[in-house]
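Here the structure comes first, spelled out in structure tokens, and everything after it is commentary.
The values are calculated or read from the model by the stated rules, or taken from the named source; none is laboratory data. What you are looking at is a predicted structure, and each value in this text was computed from that prediction instead of being measured. No Cβ is skipped: glycine too gets one built from the backbone with ideal geometry, and neighbour counts run over all protein chains shown. Accessible surface areas use protein heavy atoms only, side chains included; no ligands, DNA or RNA. Shrake-Rupley method; radii C 1.70, N 1.55, O 1.52, S 1.80 Å.
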Amino acid sequence: MGCKEREVHDQVERRTIGATALEVGAVGLGCMPMSCAYSASRQRGEESVRAVHRALDEGSSLLDTADMYGPFTNELLVGRVLRQRRADAFVSTKVGLLVGDQHIVANGRPGYVKRACDASLRRLQTDVIDLYHLHRADPEVPVEETWGALAELVQAGKVRALGLSAMGARAGRRSAGGLHDATVRQLERVQQVFPVSVVQAELSVWSREALETLLPWCAARGIGFLAAMPLGNGFLTGTLTPGEGFEREDLRARHPRFTAEMMAANQPIVAGLRRVAARIGPDVSPAEVALAWVLAQGRHVVPVPGAKHERWVAQNARAARLRLSPADLAEVAGLPRAQGSWD
């Protein structure tokens with residue numbers, strides 16, 4: 001895309017997150033749906049490349065990917081754009097999970113982490129990763145050893161800052177206490193080795209557990225927070241129809257919240273978002289309200305909605321310019337939590 005076209009977009013506000021003062025657009029772009037996990041028949045490389053360009057045009061500079069997405073193909077796709085527009089992008093990728101035949105395993109061995117970083121740099125066609133996440137800790141390797149290897153990558157100039165992705169709901173529920181208690185304990189351990197700049201975890205209108213412990217923990221320490229799945233895997237956009245079904249490879253086909261029964265039961269959440277959107281203006285979508293609510297949870301919070309089409313990328317970026325009133329925020333906060341979970 002040429003410079004002339006890029007100039008016509010009003011860019012989203014910037015946010016500075018993390019102790020290392022990482023500056024990014026207030027709404028990022030989750031690139032995973034372009035290569036895996038959602039509707040394989042709708043994954044088209046050229047259309048996805050245009051979506052990434054549109055995100056950068058809008059000022060949604062944070063591009064979130066991982067070596068396991070595809071695997072590898074998502075980083076290759078992002079790399080096609082970075083080859084042309086590296087200066088416009090803030091690159092976030094992840095390490096620590098290997099995709100096998102019908103299973104995923106963690107690998108946090110220091111030697112592997114360093115080799116994986118070099119491979120990601122090649123695929124992304126860049127000489128530095130802005131934010132490198134530990135996707136999951138390896139239960140066979142002390143997390144301090146893995147984090148130490150990541151710190152060496154920063155010292156070598158291959159990585160600018162480190163992030164940690166929160167443990168999944170099912171893993172967290174097996175331990176006593178709150179959903180993110182185990183993640184906080186892990187964060188406290190790695191903080192002794194090298195500073196954590198960013199934590200990534202699910203946060204949305206229908207999944208608010210991060211508000212209880214994890215988000216305040218980050219805020220108190222100047223750590224940025226990337227809100228994963230801020231649109232509830234697409235449910236909060238209001239574009240999904242209960243009973244419509246999903247393709248076999250689509251993660252929602254196996255998610256308890258996406259059975260026809262649970263999707264119908266959770267419609268009051270979408271109805272509430274529509275109600276607020278309609279009150280604000282005729283062109284405001286439920287998705288914009290959902291993202292604006294996430295943005296209102298703190299200046300250190302950056303939602304990273306997944307998208308693979310220009311239309312949705314542009315709509316998500318508009319959420320950064322939407323300011324919900326105290327009454328709007330209270331109404332959204334009062335919506336019911338999701339029915340159906342991994343537990």
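Counting DSSP beta bridges with both partners in the chain, what percentage is antiparallel, nearest 5?
Working: 8 of 35 bridges.
Of all bridge pairs located within the chain, approximately 25 percent are antiparallel.
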Checklist entry - Considering the dipole of the chain built from charges on the beta carbon (Lys and Arg +1, Asp and Glu -1) around the Cα centre, which of GLY18, ALA330, LEU56 is farthest to its positive end? => result LEU56
Item to check | Accessible surface, the chain, averaged per residue in Å² (probe 1.4 Å) | outcome: 42 Å²
Checklist outcome for this item: The distance between the Cα centres of region 53-121 and region 277-317, in whole Å, is 24 Å
Checklist outcome for this item: Rounded to the nearest whole number, the per residue volume of the convex hull around the C-alpha atoms of the chain in Å³ is 129 Å³
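Suppose every K and R has +1 on its Cβ and every D and E has -1 on its Cβ; what is the size of the dipole of region 177-228 about the Cα centre, in Debye to the nearest 20?
Working: 4 positive and 5 negative charges, 31 e Å.
It works out to roughly 140 debye.
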Checklist outcome for this item: Rounded to a whole %, the carbon-and-sulfur portion of the accessible area of region 77-179 at a 1.4 Å probe is 48 percent
Checklist entry - Which one of ARG115, ARG323, ARG86 has the biggest mean-square fluctuation once the chain is modelled by GNM with Cα springs under 10 Å? => result ARG115
Next on the checklist: How large a share of the accessible area of region 233-343, in percent, is made up of carbon and sulfur atoms when the probe is 1.4 Å and the other protein chains stay in place?
Outcome noted: 53 percent
Checklist entry - Tally Lys and Arg at +1 and Asp and Glu at -1 over the other residues with C-beta under 12 Å from the C-beta of ALA106: what net charge comes out? => result +1
Next on the checklist: Using +1 at the C-beta of Lys and Arg and -1 at the C-beta of Asp and Glu, which of HIS255, ASN266, MET167 has the Cα lying farthest in the positive direction of the dipole of region 159-313?
Outcome noted: MET167
Checklist outcome for this item: the chain, Gaussian network, Cα under 10 Å: of ALA227, ALA271, ALA26, the residue fluctuating most is ALA271
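Less than 12 Å Cβ to Cβ from PHE225, Lys/Arg counted +1 and Asp/Glu -1: what total charge do the surrounding residues give? All intermediate terms of the calculation are to be shown ahead of the outcome.
Details: positive: ARG15, ARG221, ARG299; negative: GLU202.
Counting the neighbours of PHE225, the net charge comes to +2.
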Item to check | Expected 222 nm ellipticity per residue - DSSP helices of 4 or more, -39500 (n - 2.57), all of the chain, to 500 | outcome: -11000 deg cm²/dmol
Checklist entry - Which residue, PRO326, PRO286, PRO230, tops the fluctuation ranking in a GNM of the chain built on C-alpha contacts under 10 Å? => result PRO326
